[in-house]
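For reference, the structure discussed in these notes is given below.
The values are calculated or read from the model by the stated rules, or taken from the named source; none is laboratory data. Note that this is a predicted model, so its numbers are computed, not measured. In this analysis, Cβ positions are derived from the backbone assuming ideal geometry, glycine residues included, and neighbour counts consider all displayed protein chains.
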């Protein structure tokens, strides 16, 4: 198992983003919204020949045994239509053109870091419903297993879009894990469109390892306004979450409280991300149980994560 500074906290944070804060972010679109009170329903749909160029950054900070660590990853990517599979379902090409990783220990300088995940030069084809749900991801990235881990990895470039219309000031709440009544866009209930599988097992997006864990809490959203961002009409969504989580992996248990807030600007015509910002703070304990004595030891940790994605053109 790949861990960050010897503990699986980063894995759990990544599952929070996937299960609750990114894929569950409920925004709306379709036709352009004129007045703020006009209802609109967002739908993901790329046009033939349209190429969206993104720049994303992710910063992870951790205080571990009184020492501050930080890691920064930057990715450049391009998103375009590959083919229309059927009505309401597109296959898009997500091409990774550049990735850099840097790490800082304590008050030292940032140094180049050879990260285990290497997407540069790879293209993943993503089958995505018009509601923003990723159905499948096809391709190969070094450090990411195929199947659900690859789907989890690419989901940060998309937003899950609900079925109903909204206006300025609309608010809604999601509960994590989502209940058994939620259906996939094709009407079939599947483990990957819920906060957890029925057995509570989840796969890490990069290592692909299964973990027994739970995540529960609420996420509150508000459509603050419609505005133009670089000439594109967008819906500005703000959201906050309070979650508690527990994860078991390799004999260690991570228990934590998680608070996060973010803002997403989603194109009203096209349902794609124009800009998104997310901050997550996780505070908790890593609990180790000695195999021979059964003695339990706890080590506190604090980890924060900042993610930003911007449409360059």
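Being assigned to a helix (DSSP H, G or I) and either in contact (Cβ under 8 Å) with a residue 40 or more places away in the chain or over 18 Å from residue 236 (Cα atoms) (or both): is that true of residue 161 here? Give the derivation first.
Values: assigned to a helix (DSSP H, G or I): no; either in contact (Cβ under 8 Å) with a residue 40 or more places away in the chain or over 18 Å from residue 236 (Cα atoms) (or both): yes.
No, not satisfied.
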Legend entry - Verdict on residue 125 being modelled with pLDDT under 95 and assigned to a strand (DSSP E or B): no
Inset, instruction - Can you confirm whether region 294-308 contains a residue that is in a loop (DSSP other than H, G, I, E, B) and free of Cβ contacts under 8 Å to residues at least 24 places away in the same chain? - result: yes
Inset, instruction - Looking only at region 273-313, count how many residues are over 22 Å from residue 161 (Cα atoms) and under 15 Å from the mean Cα position of the chain (by Cα). - result: 4
Inset, instruction - Could you please find all residues in region 124-145 being touching a residue at least 60 places away in the same chain (Cβ under 8 Å) and under 26 Å from residue 214 (Cα atoms)? - result: 131, 132, 133, 134, 143, 144, 145
Inset, instruction - Given the conditions (1) under 30 Å from residue 166 (Cα atoms); (2) surrounded by 21 or more Cβ atoms within 10 Å (Cβ to Cβ); (3) at pLDDT below 95, report the number of the one that residue 39 does not fulfil. - result: (2)
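What strands (runs of 3 or more DSSP E), lying completely within region 37-115, carry at least 3 residues that are free of Cβ contacts under 8 Å to residues at least 12 places away in the same chain? First the steps, then the outcome.
Values: elements: 51-64, 67-86, 89-105.
Fully inside region 37-115 and qualifying: 67-86.
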